[in-house]
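Student: Input: one structure, supplied below.
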Amino acid sequence: MAGADDSVYSVVRGRIVSGAYPPGQHLLESVLTEELGVSRSPVRAALRRLTEESLVITEPHRGAFVAQLTRSDIDEVFDLRQTLESKAAGLAAIIRSDDEADALFESVRTMEAIIEARSPSYRAELLTNNQEFHDLILAAARAPRLVQIVRTLTAASLSLGTFYYYSDEDIARSVAFHRDLAVAILKQHPEVAAALMAAHLGIAHHAFVDRRFGDARA
């Protein structure tokens, strides 16, 4: 049953992150069991995990819904990520392996290829690539408690589908930051890596909220 639990979790999480299940959508157990061809047990297990990750909100007597984050929620998530992932980038620059540095540059090349190809699903591909790049830095930091906290925060911000709101200029800037971060970590400059990550997430935060909310504050 653990395999079924993981499979259902992955499918539902993927649909939330990709925007197939938009914020506020009611996640009916009966519909999910029919669509996925499983019993209610793995569906309930998946919804519990997604609730713990803040991707789903469960309301008494109403059921589960895709989370709708307010402007204040988004500010908090990005501010925490900015602090913690800057620390991770600095640690990664100190103790990364050669293979980990190579993997960062490979991720940047993949991102550039996605943008050049510009397939119909390229924004979803960029979202996945971006997550993988940040995960590589977290892994290289070798700080398991920090990683656990950041991944919970990242799961919440992933549900926002940030790349779906980005302009071409925003995307180009993100690529440039990834490339500069890879260089700083390769050359083992922790202060530079930490500052770049702080700037990268800070600019991403403001670009996202400006396009989603304008000057309005929830």
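The values are calculated or read from the model by the stated rules, or taken from the named source; none is laboratory data. What you see is a predicted model; the values in this text were computed from it and never measured. Reconstructed Cβ throughout: ideal geometry from the backbone, glycine too, with neighbour counts over all protein chains shown. Heads up: the accessible areas ignore ligands, DNA and RNA and are worked out on the full protein's heavy atoms, side chains in. Shrake-Rupley method; radii C 1.70, N 1.55, O 1.52, S 1.80 Å.
Student: Grab the beta carbon distance between residue 30 and residue 79, set R0 = 25 Å, and tell me the FRET efficiency rounded to 0.05.
Tutor: 0.05
Student: Roughly how many Å² is the accessible area per residue of the chain, as a whole number, for a 1.4 Å probe?
Tutor: Each residue of the chain exposes 50 Å² on average to a 1.4 Å probe.
Student: From the backbone phi of segment 197-212, what are the Karplus-calculated ³J(HN,Hα) couplings (6.51 cos²θ - 1.76 cosθ + 1.60, θ = phi - 60°) in whole Hz, Gly and Pro given as x?
Tutor: Going residue by residue, I get 5, 4, 5, 4, 6, x, 5, 4, 4, 5, 4, 5, 5, 4, 7, 7 Hz, with x marking Gly and Pro.
Student: Sticking with this structure for a sec: Just grab the label-to-label distance for residue 52 and residue 121, each label 7 Å out from Cα along the Cβ direction, in nm (one decimal).
Tutor: 2.8 nm
Student: Mind telling me which of 148, 188, 82 comes out most flexible in a GNM of the chain, alpha-carbon contacts under 10 Å?
Tutor: Checking each option, the largest mean-square fluctuation is seen for 148.
Student: How far is it, in nm, from the label point at residue 39 to the one at residue 113 when both lie 7 Å from their Cα along the line to the Cβ?
Tutor: Between residue 39 and residue 113, the simple spin-label model gives 4.3 nm.
Student: Which value, in debye to the nearest 20, gives the size of the charge dipole of segment 116-183 about its Cα centre, when Lys and Arg are +1 and Asp and Glu are -1 at the Cβ?
Tutor: Computed about the Cα centre, the dipole is about 320 debye.
Student: Running a GNM on the chain with Cα contacts under 10 Å, which residue among 180, 170, 99 ends up with the highest mean-square fluctuation?
Tutor: Highest fluctuation of the listed residues: 99.
Student: To check my understanding: the extent here is largest minus smallest coordinate of the Cα atoms along each principal axis. What are those three numbers for the chain, in Å, largest first?
Tutor: Principal extents (Cα only, largest first): 53, 43, 34 Å.
Student: List the residues whose amide H sits under 5 Å from the amide H of residue 96, counting only those 5 or more places along or on another chain, with H placed 1.01 Å from N in the peptide plane.
Tutor: none
Student: Leaving ligands, DNA and RNA out of it, report the carbon-plus-sulfur percent of the accessible area of segment 1-95 at a 1.4 Å probe.
Tutor: Carbon with sulfur: 53 percent of the solvent-accessible area.
Student: How would you rank 128-141, 107-120, 47-60, highest first, on the average number of other Cβ atoms within 10 Å across their residues?
Tutor: 128-141, 47-60, 107-120
Student: Taking the inverse of the average 1/r across all pairs of different Cα atoms in segment 87-160, what Kirkwood radius in Å do you get?
Tutor: The answer is 13.1 Å.
Student: Starting from the Cα-Cα distance between residue 106 and residue 149, subtract it from 0.36 nm times their residue separation and give me the gain in nm to one decimal.
Tutor: Contour length minus Cα-Cα distance gives 12.9 nm.
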